[in-house]
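J.: Below is a structure I'd like to ask you about.
The values are calculated or read from the model by the stated rules, or taken from the named source; none is laboratory data. Since the model is a prediction, treat every value here as computed from it, not as a measurement. We place every Cβ from the backbone using ideal geometry, glycine too, and count neighbours over all the protein chains shown. We work out accessible area using only protein heavy atoms, side chains counted, and drop any ligands, DNA or RNA first. Shrake-Rupley method; radii C 1.70, N 1.55, O 1.52, S 1.80 Å.
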Amino acid sequence: MPNAPVGYKSIGCLASVEPNEPDPDEVRCVRADLTENCEASEMMFSSDSFFQRKQFQVWKTRPCKRGMLCAGVSAGTFFGSTSFSSGDELDIACLKNLDSSLHAMPNLEQIHALIKHYGPTMYLHPDEIYLPSSVPWFFMNGALLYKDGRNNGTVINSKGSNLPAGGLNDGQYWLDLPNKDDANRTSVKCGNIESAELYVHVKPSLGGTFTDIAMWIFCPFNGPAIVKIGLLSFTLNKVGEHVGDWEHYTLRISNFSGELWSVYFSEHSGGEWVDACKLEFIEGNKPIVYASRNGHASFPHPGCYLQGSSKLGFGLRNDCARSKYYVDSSSKYQIVAAEYLGEGVVAEPPWLQYMREWGPTIIYNGRSEVEKIIKHLPFFMRFSVESLIELFPTELYGEAGPTGPKEKDNWLGDERW
(Lines give C-alpha, C1' and ligand atoms only; values in the text may rest on other atoms or scores of the structure.)
Protein backbone atom coordinates (compact mmCIF):
# COMPACT_ATOMS: atom_id res chain seq x y z
CA MET A 1 0.00 0.00 0.00
CA PRO A 2 1.37 3.45 -0.89
CA ASN A 3 2.51 5.69 1.94
CA ALA A 4 0.26 8.71 1.32
CA PRO A 5 1.67 12.23 1.89
CA VAL A 6 0.04 14.45 4.50
CA GLY A 7 -3.40 15.54 3.31
CA TYR A 8 -3.75 12.62 0.91
CA LYS A 9 -5.17 9.09 1.13
CA SER A 10 -4.40 5.88 -0.69
CA ILE A 11 -7.37 4.39 -2.54
CA GLY A 12 -6.14 0.80 -2.60
CA CYS A 13 -3.44 -1.83 -2.38
CA LEU A 14 -1.43 -3.33 -5.20
CA ALA A 15 -0.56 -6.99 -5.82
CA SER A 16 2.67 -7.73 -7.66
CA VAL A 17 4.50 -10.80 -8.89
CA GLU A 18 7.83 -8.99 -8.40
CA PRO A 19 9.68 -8.66 -5.07
CA ASN A 20 10.48 -5.00 -5.76
CA GLU A 21 8.22 -2.14 -4.74
CA PRO A 22 5.89 -1.06 -7.59
CA ASP A 23 6.04 2.35 -9.19
CA PRO A 24 4.09 4.97 -7.13
CA ASP A 25 1.95 5.73 -10.19
CA GLU A 26 0.48 2.22 -10.11
CA VAL A 27 -1.94 3.21 -7.33
CA ARG A 28 -2.78 6.86 -6.90
CA CYS A 29 -3.02 8.78 -3.67
CA VAL A 30 -5.86 11.31 -3.70
CA ARG A 31 -6.49 14.55 -1.81
CA ALA A 32 -8.35 13.69 1.39
CA ASP A 33 -11.19 16.12 0.61
CA LEU A 34 -11.94 14.11 -2.55
CA THR A 35 -12.34 10.84 -0.65
CA GLU A 36 -14.72 9.15 1.76
CA ASN A 37 -14.25 6.30 4.22
CA CYS A 38 -14.67 2.81 2.85
CA GLU A 39 -15.17 -0.63 4.35
CA ALA A 40 -14.36 -4.23 3.48
CA SER A 41 -17.21 -6.06 1.78
CA GLU A 42 -17.00 -9.34 -0.14
CA MET A 43 -13.97 -11.56 0.48
CA MET A 44 -12.09 -12.20 -2.76
CA PHE A 45 -9.31 -14.49 -1.57
CA SER A 46 -8.14 -16.34 1.51
CA SER A 47 -4.85 -18.21 1.74
CA ASP A 48 -4.76 -21.60 3.43
CA SER A 49 -2.60 -21.49 6.51
CA PHE A 50 -2.33 -23.80 9.50
CA PHE A 51 -1.61 -20.74 11.64
CA GLN A 52 -4.66 -18.48 11.82
CA ARG A 53 -2.56 -15.35 12.44
CA LYS A 54 -0.68 -15.82 9.17
CA GLN A 55 -3.77 -16.31 7.03
CA PHE A 56 -3.74 -13.68 4.28
CA GLN A 57 -7.13 -12.41 3.12
CA VAL A 58 -8.28 -9.98 0.43
CA TRP A 59 -11.57 -8.06 0.36
CA LYS A 60 -13.39 -5.87 -2.11
CA THR A 61 -14.13 -2.40 -0.75
CA ARG A 62 -17.21 -0.17 -0.80
CA PRO A 63 -18.14 3.25 0.64
CA CYS A 64 -19.26 3.16 4.27
CA LYS A 65 -22.20 5.46 3.50
CA ARG A 66 -24.29 4.29 0.55
CA GLY A 67 -27.63 5.37 -0.85
CA MET A 68 -29.17 7.76 -3.31
CA LEU A 69 -28.12 10.83 -1.29
CA CYS A 70 -24.53 9.69 -0.71
CA ALA A 71 -21.47 10.75 -2.71
CA GLY A 72 -19.07 7.82 -2.14
CA VAL A 73 -17.75 6.12 -5.29
CA SER A 74 -16.23 2.65 -5.37
CA ALA A 75 -12.79 2.81 -6.93
CA GLY A 76 -12.69 -0.90 -7.81
CA THR A 77 -9.70 -1.45 -5.53
CA PHE A 78 -9.13 -4.01 -2.80
CA PHE A 79 -7.73 -4.35 0.70
CA GLY A 80 -5.50 -7.17 1.93
CA SER A 81 -4.24 -8.06 5.39
CA THR A 82 -3.21 -10.85 7.75
CA SER A 83 -4.64 -9.12 10.82
CA PHE A 84 -7.91 -7.50 9.77
CA SER A 85 -11.13 -8.09 11.73
CA SER A 86 -14.64 -7.15 10.66
CA GLY A 87 -15.40 -3.64 11.86
CA ASP A 88 -11.78 -2.44 11.83
CA GLU A 89 -11.20 0.94 10.16
CA LEU A 90 -9.39 0.69 6.83
CA ASP A 91 -6.27 2.67 5.95
CA ILE A 92 -7.53 3.18 2.40
CA ALA A 93 -10.38 5.32 1.09
CA CYS A 94 -12.87 5.44 -1.77
CA LEU A 95 -13.53 8.41 -4.02
CA LYS A 96 -16.12 11.15 -3.51
CA ASN A 97 -18.21 12.77 -6.23
CA LEU A 98 -18.42 16.48 -5.45
CA ASP A 99 -20.61 17.18 -8.51
CA SER A 100 -24.18 17.07 -7.20
CA SER A 101 -25.76 17.74 -10.62
CA LEU A 102 -26.04 13.98 -11.39
CA HIS A 103 -25.72 14.81 -15.09
CA ALA A 104 -24.85 11.20 -15.92
CA MET A 105 -28.22 9.89 -14.69
CA PRO A 106 -30.80 8.90 -17.34
CA ASN A 107 -33.73 11.15 -18.23
CA LEU A 108 -37.29 9.78 -18.29
CA GLU A 109 -37.12 8.65 -21.92
CA GLN A 110 -33.83 6.84 -21.25
CA ILE A 111 -35.29 5.14 -18.17
CA HIS A 112 -38.05 3.64 -20.31
CA ALA A 113 -35.44 2.51 -22.84
CA LEU A 114 -33.34 0.84 -20.13
CA ILE A 115 -36.35 -1.00 -18.69
CA LYS A 116 -37.49 -2.20 -22.11
CA HIS A 117 -33.94 -3.41 -22.80
CA TYR A 118 -33.05 -4.99 -19.43
CA GLY A 119 -36.42 -5.58 -17.72
CA PRO A 120 -36.32 -9.11 -16.23
CA THR A 121 -38.95 -11.81 -16.59
CA MET A 122 -40.04 -13.02 -13.16
CA TYR A 123 -41.11 -16.67 -13.02
CA LEU A 124 -43.27 -18.00 -10.20
CA HIS A 125 -43.25 -21.63 -9.05
CA PRO A 126 -45.58 -24.02 -10.97
CA ASP A 127 -47.33 -24.89 -7.67
CA GLU A 128 -47.73 -21.26 -6.61
CA ILE A 129 -51.22 -20.50 -5.28
CA TYR A 130 -50.68 -16.94 -4.05
CA LEU A 131 -49.97 -14.97 -7.21
CA PRO A 132 -49.16 -11.25 -7.53
CA SER A 133 -51.64 -8.56 -8.53
CA SER A 134 -51.64 -4.86 -9.16
CA VAL A 135 -52.30 -2.60 -6.18
CA PRO A 136 -55.50 -1.12 -7.73
CA TRP A 137 -56.85 -4.68 -8.30
CA PHE A 138 -56.28 -5.43 -4.59
CA PHE A 139 -58.16 -2.29 -3.57
CA MET A 140 -61.04 -2.75 -6.04
CA ASN A 141 -61.62 -6.34 -4.94
CA GLY A 142 -62.43 -5.63 -1.34
CA ALA A 143 -59.24 -4.77 0.59
CA LEU A 144 -60.08 -2.81 3.74
CA LEU A 145 -58.35 -0.13 5.83
CA TYR A 146 -58.54 -0.63 9.60
CA LYS A 147 -57.81 1.85 12.37
CA ASP A 148 -56.85 0.90 15.91
CA GLY A 149 -59.88 0.92 18.16
CA ARG A 150 -62.41 0.42 15.35
CA ASN A 151 -63.94 -2.93 14.44
CA ASN A 152 -65.09 -2.16 10.92
CA GLY A 153 -62.81 -1.59 7.96
CA THR A 154 -63.07 1.17 5.35
CA VAL A 155 -63.31 0.47 1.62
CA ILE A 156 -60.28 1.78 -0.29
CA ASN A 157 -60.66 3.48 -3.67
CA SER A 158 -58.65 2.21 -6.65
CA LYS A 159 -55.91 4.87 -6.35
CA GLY A 160 -55.61 4.62 -2.59
CA SER A 161 -56.24 8.35 -2.24
CA ASN A 162 -58.32 7.83 0.92
CA LEU A 163 -55.44 6.10 2.73
CA PRO A 164 -53.62 8.10 5.46
CA ALA A 165 -50.61 9.65 3.73
CA GLY A 166 -47.14 10.49 5.01
CA GLY A 167 -45.83 10.34 8.56
CA LEU A 168 -44.38 7.24 10.15
CA ASN A 169 -45.64 3.73 10.79
CA ASP A 170 -47.27 4.38 14.17
CA GLY A 171 -49.23 1.11 14.31
CA GLN A 172 -52.56 2.95 14.15
CA TYR A 173 -53.59 1.71 10.69
CA TRP A 174 -53.32 -1.50 8.71
CA LEU A 175 -54.83 -3.14 5.61
CA ASP A 176 -56.56 -6.50 5.47
CA LEU A 177 -58.40 -8.84 3.11
CA PRO A 178 -62.18 -8.62 2.68
CA ASN A 179 -64.20 -9.76 5.72
CA LYS A 180 -64.28 -13.48 6.51
CA ASP A 181 -67.92 -13.74 5.44
CA ASP A 182 -67.07 -12.27 2.03
CA ALA A 183 -66.91 -14.96 -0.67
CA ASN A 184 -64.33 -12.83 -2.45
CA ARG A 185 -61.77 -13.23 0.38
CA THR A 186 -60.22 -16.46 -0.97
CA SER A 187 -59.96 -15.20 -4.53
CA VAL A 188 -58.24 -12.00 -3.35
CA LYS A 189 -55.71 -14.14 -1.46
CA CYS A 190 -54.81 -15.87 -4.72
CA GLY A 191 -54.09 -12.61 -6.53
CA ASN A 192 -54.53 -11.81 -10.22
CA ILE A 193 -51.41 -12.24 -12.34
CA GLU A 194 -53.06 -10.67 -15.40
CA SER A 195 -53.18 -7.32 -13.59
CA ALA A 196 -49.73 -7.66 -11.97
CA GLU A 197 -47.08 -5.07 -12.77
CA LEU A 198 -43.72 -3.94 -11.40
CA TYR A 199 -43.57 -0.62 -9.56
CA VAL A 200 -40.30 1.10 -10.44
CA HIS A 201 -38.16 3.40 -8.31
CA VAL A 202 -35.14 4.89 -10.11
CA LYS A 203 -32.32 6.40 -8.06
CA PRO A 204 -28.60 7.27 -8.23
CA SER A 205 -26.13 4.90 -6.64
CA LEU A 206 -22.45 5.15 -5.64
CA GLY A 207 -22.20 8.87 -6.16
CA GLY A 208 -24.22 8.87 -9.38
CA THR A 209 -21.83 6.54 -11.20
CA PHE A 210 -24.60 3.91 -11.36
CA THR A 211 -28.37 3.95 -11.79
CA ASP A 212 -30.37 1.61 -9.57
CA ILE A 213 -33.75 0.53 -10.96
CA ALA A 214 -35.64 -1.04 -8.05
CA MET A 215 -38.64 -3.06 -9.27
CA TRP A 216 -41.32 -3.83 -6.66
CA ILE A 217 -43.96 -6.56 -6.97
CA PHE A 218 -47.08 -6.83 -4.79
CA CYS A 219 -48.79 -10.06 -3.72
CA PRO A 220 -52.02 -9.87 -1.71
CA PHE A 221 -50.99 -12.87 0.40
CA ASN A 222 -47.84 -14.67 1.56
CA GLY A 223 -48.37 -18.43 1.91
CA PRO A 224 -47.31 -20.77 4.73
CA ALA A 225 -43.70 -21.79 5.27
CA ILE A 226 -42.39 -25.19 4.16
CA VAL A 227 -39.88 -26.78 6.55
CA LYS A 228 -37.15 -29.16 5.37
CA ILE A 229 -35.52 -31.62 7.77
CA GLY A 230 -33.10 -33.91 5.96
CA LEU A 231 -35.06 -35.61 3.17
CA LEU A 232 -38.42 -34.74 4.74
CA SER A 233 -40.51 -31.62 4.08
CA PHE A 234 -43.53 -30.31 5.99
CA THR A 235 -45.93 -27.53 4.99
CA LEU A 236 -46.89 -25.60 8.11
CA ASN A 237 -50.51 -24.80 8.80
CA LYS A 238 -50.42 -21.06 9.48
CA VAL A 239 -46.84 -20.13 10.31
CA GLY A 240 -45.37 -17.80 7.71
CA GLU A 241 -48.70 -16.54 6.40
CA HIS A 242 -49.43 -12.82 6.24
CA VAL A 243 -51.48 -10.36 4.23
CA GLY A 244 -49.75 -7.96 1.84
CA ASP A 245 -46.36 -9.09 0.56
CA TRP A 246 -43.93 -6.61 -1.03
CA GLU A 247 -40.83 -8.02 -2.74
CA HIS A 248 -38.32 -6.48 -5.12
CA TYR A 249 -35.22 -6.89 -7.23
CA THR A 250 -32.89 -4.12 -8.38
CA LEU A 251 -30.96 -3.58 -11.61
CA ARG A 252 -27.65 -1.72 -11.24
CA ILE A 253 -26.64 -0.06 -14.52
CA SER A 254 -23.34 1.70 -15.24
CA ASN A 255 -23.72 5.39 -16.08
CA PHE A 256 -20.40 5.24 -17.94
CA SER A 257 -21.45 2.59 -20.47
CA GLY A 258 -25.17 1.91 -20.00
CA GLU A 259 -24.38 -1.76 -19.35
CA LEU A 260 -26.19 -3.91 -16.81
CA TRP A 261 -23.63 -4.38 -14.05
CA SER A 262 -25.47 -6.59 -11.56
CA VAL A 263 -28.90 -7.50 -10.16
CA TYR A 264 -29.90 -7.50 -6.50
CA PHE A 265 -32.17 -10.34 -5.39
CA SER A 266 -34.20 -9.57 -2.26
CA GLU A 267 -34.39 -12.72 -0.14
CA HIS A 268 -36.57 -12.27 2.95
CA SER A 269 -34.50 -10.36 5.55
CA GLY A 270 -31.47 -9.92 3.29
CA GLY A 271 -30.35 -10.49 -0.27
CA GLU A 272 -27.41 -10.63 -2.65
CA TRP A 273 -25.93 -8.83 -5.63
CA VAL A 274 -25.21 -11.13 -8.59
CA ASP A 275 -22.90 -10.00 -11.39
CA ALA A 276 -24.51 -9.84 -14.84
CA CYS A 277 -22.20 -12.56 -16.18
CA LYS A 278 -23.64 -15.05 -13.65
CA LEU A 279 -27.31 -14.48 -14.51
CA GLU A 280 -29.70 -16.41 -16.70
CA PHE A 281 -31.10 -14.41 -19.62
CA ILE A 282 -34.15 -14.54 -21.85
CA GLU A 283 -34.69 -12.58 -25.06
CA GLY A 284 -31.23 -11.06 -25.31
CA ASN A 285 -30.23 -8.90 -22.37
CA LYS A 286 -33.24 -9.51 -20.11
CA PRO A 287 -32.34 -11.46 -16.93
CA ILE A 288 -34.56 -14.11 -15.36
CA VAL A 289 -35.76 -13.74 -11.76
CA TYR A 290 -37.22 -16.72 -9.91
CA ALA A 291 -39.78 -16.01 -7.15
CA SER A 292 -39.93 -18.67 -4.43
CA ARG A 293 -43.09 -20.63 -3.76
CA ASN A 294 -45.42 -19.04 -1.15
CA GLY A 295 -42.84 -16.48 0.06
CA HIS A 296 -42.03 -14.76 -3.28
CA ALA A 297 -38.37 -14.07 -2.40
CA SER A 298 -36.27 -13.59 -5.54
CA PHE A 299 -33.38 -15.81 -6.65
CA PRO A 300 -31.11 -15.95 -9.73
CA HIS A 301 -31.51 -19.65 -10.59
CA PRO A 302 -34.06 -22.46 -10.17
CA GLY A 303 -33.68 -24.90 -7.27
CA CYS A 304 -34.28 -25.21 -3.54
CA TYR A 305 -32.69 -22.49 -1.41
CA LEU A 306 -32.60 -23.30 2.29
CA GLN A 307 -33.08 -20.54 4.86
CA GLY A 308 -31.54 -22.09 7.96
CA SER A 309 -28.69 -24.57 8.41
CA SER A 310 -27.52 -26.04 5.10
CA LYS A 311 -25.03 -28.25 7.00
CA LEU A 312 -27.83 -29.90 8.96
CA GLY A 313 -30.15 -29.87 5.97
CA PHE A 314 -32.66 -28.05 8.12
CA GLY A 315 -34.58 -24.85 7.48
CA LEU A 316 -37.26 -23.19 5.39
CA ARG A 317 -37.54 -24.19 1.75
CA ASN A 318 -37.47 -21.56 -0.98
CA ASP A 319 -38.40 -23.54 -4.09
CA CYS A 320 -37.92 -21.86 -7.47
CA ALA A 321 -38.75 -23.08 -10.98
CA ARG A 322 -40.05 -21.90 -14.33
CA SER A 323 -43.76 -22.19 -15.01
CA LYS A 324 -46.63 -20.75 -17.00
CA TYR A 325 -46.90 -18.04 -14.34
CA TYR A 326 -44.62 -15.10 -15.10
CA VAL A 327 -44.53 -11.31 -15.28
CA ASP A 328 -42.46 -9.55 -17.95
CA SER A 329 -41.21 -6.38 -16.26
CA SER A 330 -39.91 -4.94 -19.55
CA SER A 331 -43.51 -4.27 -20.57
CA LYS A 332 -45.64 -4.58 -17.41
CA TYR A 333 -44.29 -1.80 -15.22
CA GLN A 334 -45.12 1.64 -13.86
CA ILE A 335 -42.49 4.20 -12.87
CA VAL A 336 -43.65 5.47 -9.48
CA ALA A 337 -40.64 7.53 -8.33
CA ALA A 338 -37.44 9.11 -9.63
CA GLU A 339 -36.74 11.97 -7.24
CA TYR A 340 -33.54 13.13 -8.93
CA LEU A 341 -35.52 14.16 -12.05
CA GLY A 342 -37.19 16.95 -10.08
CA GLU A 343 -40.65 17.60 -8.76
CA GLY A 344 -43.56 16.76 -11.02
CA VAL A 345 -41.63 14.73 -13.62
CA VAL A 346 -42.93 11.43 -12.19
CA ALA A 347 -46.36 11.47 -10.57
CA GLU A 348 -46.22 9.24 -7.50
CA PRO A 349 -49.46 7.26 -6.96
CA PRO A 350 -51.36 8.13 -3.74
CA TRP A 351 -50.97 4.62 -2.28
CA LEU A 352 -47.18 5.03 -2.32
CA GLN A 353 -47.54 7.67 0.42
CA TYR A 354 -49.23 5.14 2.73
CA MET A 355 -46.49 4.50 5.31
CA ARG A 356 -48.37 2.07 7.56
CA GLU A 357 -48.79 -1.71 7.42
CA TRP A 358 -50.21 -3.60 4.43
CA GLY A 359 -51.47 -6.41 6.67
CA PRO A 360 -52.44 -7.06 10.29
CA THR A 361 -49.88 -8.11 12.90
CA ILE A 362 -49.87 -11.90 13.33
CA ILE A 363 -48.52 -13.99 16.20
CA TYR A 364 -48.19 -17.67 15.34
CA ASN A 365 -48.48 -20.66 17.68
CA GLY A 366 -45.00 -21.83 16.75
CA ARG A 367 -44.66 -24.36 19.58
CA SER A 368 -47.80 -26.20 18.48
CA GLU A 369 -46.58 -26.36 14.88
CA VAL A 370 -43.14 -27.62 15.95
CA GLU A 371 -44.65 -30.35 18.13
CA LYS A 372 -46.64 -31.60 15.16
CA ILE A 373 -43.45 -31.81 13.08
CA ILE A 374 -41.58 -33.73 15.80
CA LYS A 375 -44.30 -36.38 15.94
CA HIS A 376 -43.71 -37.17 12.26
CA LEU A 377 -39.93 -37.48 12.54
CA PRO A 378 -38.13 -40.80 12.90
CA PHE A 379 -36.92 -41.33 16.47
CA PHE A 380 -33.23 -40.80 15.64
CA MET A 381 -34.01 -37.42 14.04
CA ARG A 382 -36.14 -36.01 16.86
CA PHE A 383 -35.19 -32.71 18.46
CA SER A 384 -36.47 -31.11 21.62
CA VAL A 385 -39.04 -28.39 20.94
CA GLU A 386 -36.61 -25.75 22.24
CA SER A 387 -33.69 -26.82 20.06
CA LEU A 388 -35.90 -26.94 16.99
CA ILE A 389 -37.30 -23.47 17.69
CA GLU A 390 -33.76 -22.08 17.96
CA LEU A 391 -32.98 -23.29 14.43
CA PHE A 392 -35.94 -21.48 12.88
CA PRO A 393 -35.59 -17.85 11.71
CA THR A 394 -37.13 -15.65 14.41
CA GLU A 395 -39.61 -14.00 12.00
CA LEU A 396 -41.31 -17.38 11.56
CA TYR A 397 -43.15 -17.05 14.86
CA GLY A 398 -44.84 -13.74 14.25
CA GLU A 399 -44.42 -10.47 12.47
CA ALA A 400 -46.00 -7.08 12.09
CA GLY A 401 -47.80 -6.45 8.86
CA PRO A 402 -45.28 -5.57 6.12
CA THR A 403 -44.85 -1.93 5.17
CA GLY A 404 -44.82 -0.54 1.63
CA PRO A 405 -41.79 0.26 -0.55
CA LYS A 406 -41.30 3.85 0.64
CA GLU A 407 -41.06 2.76 4.29
CA LYS A 408 -38.18 0.35 3.56
CA ASP A 409 -34.59 1.31 4.43
CA ASN A 410 -33.44 0.73 0.86
CA TRP A 411 -35.79 3.41 -0.53
CA LEU A 412 -33.19 6.02 0.38
CA GLY A 413 -30.33 3.70 1.33
CA ASP A 414 -28.45 0.88 -0.33
CA GLU A 415 -29.64 -2.71 -0.49
CA ARG A 416 -28.84 -5.02 2.44
CA TRP A 417 -25.82 -7.15 1.51
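J.: What nm distance separates the two modelled labels at Ala113 and Leu306, each placed 7 Å from Cα along Cα→Cβ?
T.: With each label point 7 Å from Cα toward Cβ, the separation is 4.7 nm.
J.: Moving on to the next point. Treating the angle as unsigned and between 0 and 90°, give the value, to the nearest 10°, between the Cα long axis of helix 108-118 and the longest Cα principal axis of the chain.
T.: 80
J.: Hey, another quick one. Could you point to the residue in Thr209, Ile335, Val274 farthest towards the positive end of the stretch 108-411's charge dipole, with +1 and -1 charges on the Cβ of Lys/Arg and Asp/Glu respectively?
T.: After comparing all options, I get Val274.
J.: Taking C-beta distances below 4.7 angstrom as the pairing criterion, name the unpartnered cysteines of the chain, in sequence order.
T.: Cysteines lacking a close Cβ partner in the chain: Cys13, Cys29, Cys64, Cys70, Cys190, Cys219, Cys277, Cys304, Cys320.
J.: Would you compute the Debye intensity of the stretch 8-96 from its alpha-carbon atoms alone, equal scatterers and no solvent, and pass along log10 I(q)/I(0) at q = 0.16, 0.18, 0.22, 0.24 Å⁻¹ to two decimals?
T.: Normalising to I(0) and taking log10 leaves -0.69, -0.84, -1.13, -1.24.
J.: If each residue of separation counts as 0.36 nm, what is the full-extension length gain between Phe45 and Asn184 once their alpha-carbon separation is subtracted?
T.: Using 0.36 nm per residue and subtracting the Cα-Cα distance, I get 44.5 nm.
J.: Keeping every protein chain present and rolling a 1.4 Å probe, give me the accessible area per residue for the chain in Å².
T.: Spelled out: the 1.4 Å probe surface of the chain, per residue, equals 50 Å².
J.: So how strong a dipole does the chain carry about its Cα centre when Lys and Arg Cβ are +1 and Asp and Glu Cβ are -1, to the nearest 20 debye?
T.: Dipole magnitude for the chain comes out near 1000 debye.
J.: Going by average Cβ neighbours within 10 Å, how do the peptides 214-223, 155-164, 246-255, 326-335 rank, with the highest at the top?
T.: 214-223, 246-255, 326-335, 155-164
J.: Express the carbon and sulfur contribution to the solvent-accessible surface of the chain as a percent, rounded to the nearest whole number, probe 1.4 angstrom.
T.: 51
J.: Sorted by packing (mean other beta-carbon atoms within 10 Å per residue), highest first, where do 276-282, 14-20 land?
T.: Result, highest mean Cβ count within 10 Å first: 276-282, 14-20.
J.: Still on this model: With axes computed from alpha carbons, what is the tilt in degrees of helix 366-376 against the longest principal axis of the chain, rounded to the nearest 10 within 0 to 90?
T.: 80
J.: I want to check the label-to-label distance for Thr154 and Ala347. Put each point 7 Å from Cα in the C-beta direction and report it in nm to one decimal.
T.: Placing both labels 7 Å along Cα→Cβ, they lie 2.3 nm apart.
J.: Which of the following values of Cα extents along the principal axes in Å was calculated from the structure shown: (1) 97, 61, 37; (2) 91, 37, 37; (3) 78, 63, 45?
T.: Given (1) 97, 61, 37; (2) 91, 37, 37; (3) 78, 63, 45, the structure-derived one carries the label (3).
J.: Reachable aspartates and glutamates from Lys159, Cα under 16 Å, same-chain residues fewer than 8 places away excluded?
T.: Straight-line reach from Lys159, under 16 Å: Glu197, Glu348.
J.: Taking the mean number of other Cβ atoms within 10 Å as a proxy for protection, how do you rank 177-184, 264-271 from highest to lowest?
T.: Working: 177-184: 12.5, 264-271: 19.0.
Descending packing order for the listed peptides: 264-271, 177-184.
J.: While we're here: Return the subset of Lys9/Lys96; Lys65/Lys203; Lys203/Lys406; Lys180/Lys324 for which the Cα-Cα distance in this structure is over 19 Å, preserving the input order.
T.: Exceeds cut-off: Lys180/Lys324.
J.: Then there is this: Taking 8 Å as the Cα distance limit and 6 or more residues as the minimum spacing, I'd like the relative contact order of the stretch 8-96 as a percentage.
T.: Worked out over the stretch 8-96, it gives 35 percent.
J.: If I take R0 = 22 Å and measure r between the Cβ atoms of Gln57 and Ser16 in this structure, what FRET efficiency does the formula 1/(1 + (r/R0)^6) give, to the nearest 0.05? Intermediate results must be reported in sequence, preceding the final value.
T.: Details: r = 18 Å, r/R0 = 0.80.
That pair, Gln57 with Ser16, gives E of 0.80.
J.: Hey, what did the chain get for relative contact order, percent, Cα under 8 Å, at least 6 apart?
T.: Relative contact order for the chain comes out at 17 percent.
J.: Choose one answer from Asp23, Asp275, Asp245: the residue with the largest mean-square fluctuation in a GNM of the chain with alpha-carbon springs under 10 Å.
T.: Asp23
J.: Grab the other residues whose beta carbon is less than 12 angstrom from that of Cys320, score K and R as +1, D and E as -1, and report the net.
T.: Local charge sum for Cys320: -2.
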